[in-house]
1. Using Cα atoms only, what is the angle between the long axis of helix 292-301 and the major principal axis of the chain, expressed in degrees (0 to 90) to the nearest 10?
2. Given charges of +1 on the Cβ of Lys and Arg and -1 on the Cβ of Asp and Glu, with all other atoms neutral, how large is the dipole of segment 1-65 about its Cα centre, in debye to the nearest 20?
3. Using alpha carbon centroids, what distance separates segment 1-50 and segment 262-276, in Å?
4. Compute the relative contact order of segment 407-500 as a whole-number percentage, counting only Cα pairs closer than 8 Å that sit 6 or more residues apart in sequence.
5. Please give the length that would be gained between GLU199 and ALA499 if that part of the chain were fully extended, namely 0.36 nm times their separation in residues minus their C-alpha to C-alpha distance (nm, one decimal).
6. Using a basic spin-label model with each label point 7 Å from the Cα along Cα→Cβ, how many nm lie between ALA372 and SER355?
7. For segment 427-473, treating each Cα as an identical point scatterer without solvent, what Debye log10 I(q)/I(0) comes out at q = 0.19, 0.22, 0.27, 0.33 1/Å?
8. Ordered by packing density, taken as the mean number of other Cβ atoms within 10 Å over each peptide's residues, highest first, how do 466-479, 83-96 rank?
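The values are calculated or read from the model by the stated rules, or taken from the named source; none is laboratory data. Remember, predicted model here, so these are calculated numbers, not experimental data. Cβ placement follows ideal geometry from the backbone for every residue including glycine, while neighbour counts extend to all protein chains displayed. In case anyone asks, the SASA skips ligands and DNA or RNA and just uses the protein heavy atoms, side chains included. Shrake-Rupley method; radii C 1.70, N 1.55, O 1.52, S 1.80 Å.
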Amino acid sequence: MNERVNKIVIVGGGTAGWMAAASLARFFDGKPSHIVLIESEQIGTVGVGEATIPGIRAFNLSLGIDEIDFIRKTNATFKLGIEFRNWYQNNTTFFHPFAAYGLPLHGVEFHHYIARMRAAGETVDIADYSFPIQLARRGHFAQPHEKPPTPLADYGYAYHFDAALYASYLRDYAMARGVVRIEGKIASVKLHPDDGFIESVIMDNNAEIAGQLFIDCSGFRGLLIEEALHTGYDDWRCWLPCDRAVAVQSQLTGEPTPYTRTTAHEAGWQWRIPLQHRTGNGYVYASRFISDEQARQTLLTHLDGEPIKQPRQFDFVTGRRKKIWNKNCFALGLASGFLEPLESTSISLIQTGISKLLQFFPDVSFNAHDMAEVNRLHHHEFERIRDFLILHYKATTRSDTAFWRFCQEMPVPDSLAHKMQVYESRGHLVMYDPEAFEKESWVTMYMGFHRYAERYDERADNINLDELKNQLAKMRQMIQIAADQAMRHGDFIARHCAAE
Ligand code: FAD
């Protein structure tokens with residue numbers, strides 16, 4: 001068996017770099033290794049990226065991180081999902097929870113019963129069958145039981161946290177386990193003349209840092225994966241037209257909500273991420289449809305509290321690096337591609353990227369088939385999330401601005417068109433296994449955008465209508481009682497995990 005790689009150079013100390021460093025320190029767990037992380041305070045980090053999806057909990061758990069300690073030290077709050085305002089039409093709202101709706105009856109998925117009730121002329125709101133939505137609407141929070149007594153109480157949650165504090169939390173973790181941090185700027189990258197593998201990086205003080213495996217966490221530029229190895233990039237702006245963002249932190253007003261809010265504006269959407277000590281805000285927009293100054297003004301006039309700092313602008317190209325693993329370079333975070341933060345997927349993609357690296361951890365031969373498989377999985381994952389995000393734009397019925405008219409009319413990838421057509425024909429949810437967003441998330445979007453299928457699963461007729469109404473009423477009642485009884489989110493934090 002070939003010798004396992006154990007000299008690793010991580011380039012970049014943002015969320016991606018320190019997540020990788022912490023995971024690798026844990027992976028080697030005292031076995032011989034030399035892990036170096038290079039970061040430059042002068043260049044800094046992107047400094048945004050504060051809303052997550054539930055997988056983050058498994059990541060922290062895999063490192064053995066204590067949840068309460070982590071929340072206290074990163075000023076985190078709990079996230080039950082995302083509230084979408086003004087997406088379907090102005091003055092409308094729906095909520096995307098991390099949970100399924102209702103209970104499947106007689107093996108038929110719940111949303112078919114909602115369709116049946118509608119067909120019978122009944123007024124029915126799928127949100128009444130989601131415990132986390134009802135918690136969120138009340139500003140309440142409860143942690144799910146490990147073994148919930150009913151599937152109605154089975155849901156996930158994530159966090160909002162301070163990105164800089166999370167990176168420094170992981171930095172302390174990684175350095176305590178032997179990761180060496182080097183402060184300074186990389187000036188150039190040295191490639192092996194025969195095979196083009198990376199030999200070393202040269203710092204601007206001429207120090208040379210060599211390694212066997214290089215992890216590129218250098219942000220959008222992709223210092224190693226792109227600038228040195230010219231891997232290439234797939235540009236997806238034809239489907240996801242937003243290409244800029246302006247972000248600003250503001251004072252917290254009132255209790256932090258246990259959810260992220262995203263509000264559609266004239267040429268994009270605004271995020272609102274409440275932490276324990278402040279709120280993060282940003283407007284993601286399409287520069288073809290609105291000027292930077294208009295976007296900045298829109299953001300500033302839609303803040304709950306006073307801005308704390310000057311707004312910062314970001315330019316990005318939505319898309320994916322053609323390979324995340326090229327030769328002896330593995331790209332993570334923004335260096336591997338970028339999907340706009342509408343569903344908070346970037347940190348989760350760092351996490352799944354790290355899992356792939358650990359699962360296919362290389363020996364010195366760098367097996368080409370392993371690398372091809374990692375790249376195939378990466379492509380699949382990015383494309384499935386891409387399609388889910390495109391649906392948010394495509395499904396709108398807003399036609400009040402050129403941007404929203406463009407979104408309604410734009411063509412979509414065949415993979416998404418097929419899903420939408422099958423759903424619209426019979427309410428069936430096509431899943432290309434595996435997907436980051438499961439069936440319930442697709443149901444949320446279709447229902448949130450008032451997209452109802454022409455037919456429902458005929459087996460949903462096998463239950464008598466009165467009996468169905470009775471079952472639904474029981475579910476609603478159980479959820480409402482439990483949601484009423486839960487604690488306010490602010491009280492929950494104050495009691496269990498207030499920031500230090
Ligand atoms: P960065 O934070 O940019 O770090 C790059 C690192 O590389 C820095 O340490 C820098 O110093 C170093 N570096 C670069 N060049 C050199 C050099 N020459 N020498 C030495 N060091 C160098 N994700 C989410 O999951 N949820 C969100 O809500 C979310 N919101 C976002 C909003 C916006 C507007 C944007 C743009 C992104 C958002 N993201 C979000 C994505 C998230 O911010 C990133 O995935 C995450 O912060 C990881 O960034 P990174 O570590 O890859 O890059």
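1. Around 50 degrees separate the two axes.
2. Numbers: 5 positive and 5 negative charges, 56 e Å.
With Lys and Arg at +1 and Asp and Glu at -1, about 260 debye.
3. Distance between centres, Cα-based: 32 Å.
4. Numbers: 34 pairs, mean separation 20.9, N = 94.
Normalised by residue count, the contact order of segment 407-500 is 22 percent.
5. 103.7 nm
6. Calculated label separation equals 2.4 nm.
7. Reported log10 I(q)/I(0), two decimals: -0.82, -0.95, -1.02, -1.08.
8. On the way: 466-479: 14.7, 83-96: 18.0.
The peptides rank, most packed first, as 83-96, 466-479.
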